[in-house]
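A short worksheet on the structure shown next.
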Amino acid sequence: LKVFGKTEFAVRFPSAVAGTLTVLVTYFLVKALLKSGNIALISAFLLAINPWHLQFSRIAFEANVGLFFFVAGMWLLIRTFHNNSRWSLFFSVISMSAALMSYHSLRVVIPLLVFATLWIYRTEFLSLIRPGLSLKRPGLYWLPIILSTILTILTILTISYTVFFQKVGQSRFEKTSFLTIDNLLTVNRDRLEKYGKNPLDKIINIKYFVYAKQYIKGYLDHFDLRFLFLDGDRIDRHRAPSVGLLYWWELPFLAMGLMSLIGPMSPMATKEKAVLFIWLMLAPAASALTGGTPSAVRSLVFLPTFQIFTAIGIIYSLKFLRKFWVIGLLGYWVIGLLEISHYFHQYYIHSPLEYASSWQYGYKQMEGNVMADKDNYKKILITTSYDQPYIYFLWYGNYDPKTWINDGEFNKRFDKFEFKKIDRLEMPNLENTLFVGTPLEIPSGNLKWRVDYPSGQSAFLATEHL
């Protein structure tokens, strides 16, 4: 904000920088894991053009920033074991701590993956400690290990305090977890009432078994090919129209890369295979706990595993085709370029038109019109039918956070503004009041002004009389 001013660019810029740096650290991670510059370069390139990664790195998503810190932390952790570097361990802890502070899903995935990686590299991890035991002056040797331990403890205590005492994260989980899915247990309760005489029914239909089935379903949803290659996320602002999260031309190479986990010609050693495989399997572990699976943003930690396996598959195909690789790959890459071009066309041309409402288009224009006439009204009612409008008034209205008091009712009202759905039958015609709502809430006559979507459809209508 100091550099770029109070603009949308300033808000999105840190995420864009993090997304760009994720491409860089992916290169270093793959090179450290597989000792192959070609696979590392291809992996980084695939991530740079990937629809999934581009979608979330061009807007202010905490998950994208967390992904950068996580990938950087994994690179430094692998470097710790391969180079016997104690300071790499310390910087890995710093990066992982930042990732844990960035996004909720990572608080489930990171501990599981880190513990698995430490177990896989337990021999290398122990070798970091043993030399220090025989030194006469071990202070400098132990310093990065001691600092890593202290920082890890502080991170755990900080997260525990915010979650269990300040309730940060608990309210979000309560709203998004599959425990809030309507009628999740109702069918099983009815089945128990009708057929509950059988002991097996009582076991199968207890709520814990129901929750377990729901978790498994949510987990497997993230490996659905329609989700990955055709439709993408169900939320429009998490995707481009008619484009999946991965390019479908990558699928054959991805399959070949995954087959390399059991192939004798794999460029990966056993430990590297295990790390990448466990990473892939753990990626949806947190997202599966929520309702509305599959979720692209909560499972963003999949990246860059798909790109790594795809890059391995591409290298495999070059070796397999040999003399015919030039003709075969040229034709295939033409198809690939067409799909990449199709994605960018859908993203830049169709998304602004088709998904304008999902991106809350119109709030900035609406707020400008409202603020221009603010002094002429005693009260201003804004609809909540689309989203939560209060944040746009706080931001575009230039309300100073230092003077604005959050009394817990900010999402309902502040200053002259009140935020609620507008019902003409229940809401009396208030004097000296401006009503701003959707076309279904505001009558088409006696309009003071209107804001339209880029497609020409009305977004907001304003009137003084309902």
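The values are calculated or read from the model by the stated rules, or taken from the named source; none is laboratory data. The structure displayed is predicted, hence computed values, not measured ones. We place every Cβ from the backbone using ideal geometry, glycine too, and count neighbours over all the protein chains shown. What goes into the accessible areas is simple: the full protein's heavy atoms, side chains included, and nothing from ligands, DNA or RNA. Shrake-Rupley method; radii C 1.70, N 1.55, O 1.52, S 1.80 Å.
Overview of values
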read-out	value
Value of relative contact order over the range 6-58, rounded to a whole percent, pairs C-alpha under 8 Å and six or more apart	43
Calculated FRET value between Arg234 and Trp142, using beta carbons and R₀ = 60 Å, to 0.05	0.75
Placed amide H near Ala459: partners under 5 Å, 5+ positions off or other chain	Val451, Asp452, Tyr453
Long-range amide H partners of Lys421 with built H, under 5 Å	Thr384
Estimated inter-spin distance, Trp449 and Asn38, nm [label 7 Å along Cα→Cβ]	6.1
Three-way shape label, the range 355-466, alpha-carbon gyration tensor, a/c 1.5	oblate
The range 281-386: C-alpha gyration tensor shape, a/c 1.5 cut-off, then a/b vs b/c	oblate
Relative contact order (percent, whole number), the range 221-374, Cα cutoff 8 Å, 6+ residue spacing	31
Rounded if a/c under 1.5, otherwise prolate or oblate - the range 68-120, Cα gyration tensor axes	oblate
Where labels lie 7 Å past Cα in the beta-carbon direction, separation of Leu118 and Ser358 in nm	4.0
Charge tally in the Cβ shell below 12 Å around Pro439, where Lys, Arg are +1 and Asp, Glu are -1, Pro439 excluded	-1
Cα-Cα over 25 Å, subset of Lys35/Lys217; Lys378/Lys448; Lys6/Lys364; Lys217/Lys412; Lys2/Lys420	Lys35/Lys217; Lys217/Lys412; Lys2/Lys420
Accessible area per residue in Å² at 1.4 Å probe, computed on the range 358-466	57
Normalised convex hull volume, the range 19-64, alpha-carbon set, Å³ per residue	62
Highest to lowest packing among 287-296, 230-239, scored as the average C-beta count within 10 Å	287-296, 230-239
Using θ = phi - 60° and Karplus 6.51 cos²θ - 1.76 cosθ + 1.60, couplings along the range 80-86 (whole Hz; Gly, Pro as x)	4, 7, 6, 10, 6, 9, 6
Rounded to the nearest 10 Å², the accessible area of Ile391 at probe 1.4 Å	80
Distance between modelled label sites at Tyr215 and Ser385, nm, 7 Å Cα→Cβ extension	4.1
Whole-number percent relative contact order across the range 357-466, with pairs defined as alpha carbons under 8 Å at least 6 apart	30
